[in-house]
Amino acid sequence: MKKIYLLLFALFFSFSSYSQTGMLNGTGYAPNFTVTDINGTSHTLYNYLDSGYVMVLELLSVTCGHCINYAPGTENSYQTNGPNGTNVARFLGLEVNSSTDSTAIANFM
């Protein structure tokens with residue numbers, strides 16, 4: 001019985017020791033990336049961060065019920081902290097479903 005517990009502990013420890021690295025490679029820094037929005041404007045993460053903005057990255061799907069339910073809260077935060085509010089933050093919504101077209105994204109916005 002002790003061997004089973006020891007084996008389970010070893011498995012748990014081996015999985016949990018790598019769980020915090022993700023895409024950060026253990027550095028704690030998000031990788032830089034550039035995306036183009038539906039209007040053709042490019043957005044580079046580090047450009048916003050270097051300008052002193054707080055970046056809010058929302059990974060969403062326009063067909064996701066939870067995303068739709070939380071959209072008003074995100075919009076409220078955008079109005080409060082975005083360019084028309086305190087101007088301390090920038091918001092990027094990143095559609096995770098590659099088959100979603102620009103029309104569906106525009107309707108979601």
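The values are calculated or read from the model by the stated rules, or taken from the named source; none is laboratory data. A quick note: this is a predicted structure, and the numbers were derived from the prediction, not measured. Cβ atoms come from the backbone with ideal geometry, glycine included; neighbour counts cover every protein chain shown. Remember, those area values only see protein heavy atoms, side chains included, never the ligands or the DNA or RNA. Shrake-Rupley method; radii C 1.70, N 1.55, O 1.52, S 1.80 Å.
A compact table of results
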item	result
Matching residues, the range 38-47, being closer than 19 Å to residue 95 by Cβ and open to solvent by 50 Å² or more (accessible area, probe 1.4 Å)	38, 39, 40, 41, 42
Output for the range 87-105, where each listed residue is surrounded by 15 or more Cβ atoms within 10 Å (Cβ to Cβ) and either aromatic (Phe, Trp, Tyr) or at positive phi (or both)	91
Unmet requirement for residue 108, which otherwise passes all of (1) at pLDDT 85 or above; (2) more than 14 Å from the chain's Cα centre (by Cα); (3) open to solvent by 50 Å² or more (accessible area, probe 1.4 Å)	(1)
Test set (1) open to solvent by 80 Å² or more (accessible area, probe 1.4 Å); (2) under 25 Å from residue 103 (Cβ atoms) - residue 84 fails condition number	(2)
Whichever residue in the range 65-76 is under 15 Å from the mean Cα position of the chain (by Cα) and hydrophobic (A, V, I, L, M, F, W, C) and, among such residues, is modelled with the highest pLDDT	71
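Here's the yes/no breakdown for (1) of a type in the set (A, V, I, L, M, F, W, C); (2) surrounded by 15 or more Cβ atoms within 10 Å (Cβ to Cβ):
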| residue | (1), (2) |
| --- | --- |
| 36 | no, no |
| 57 | yes, no |
| 61 | no, yes |
| 66 | no, no |
| 69 | no, no |
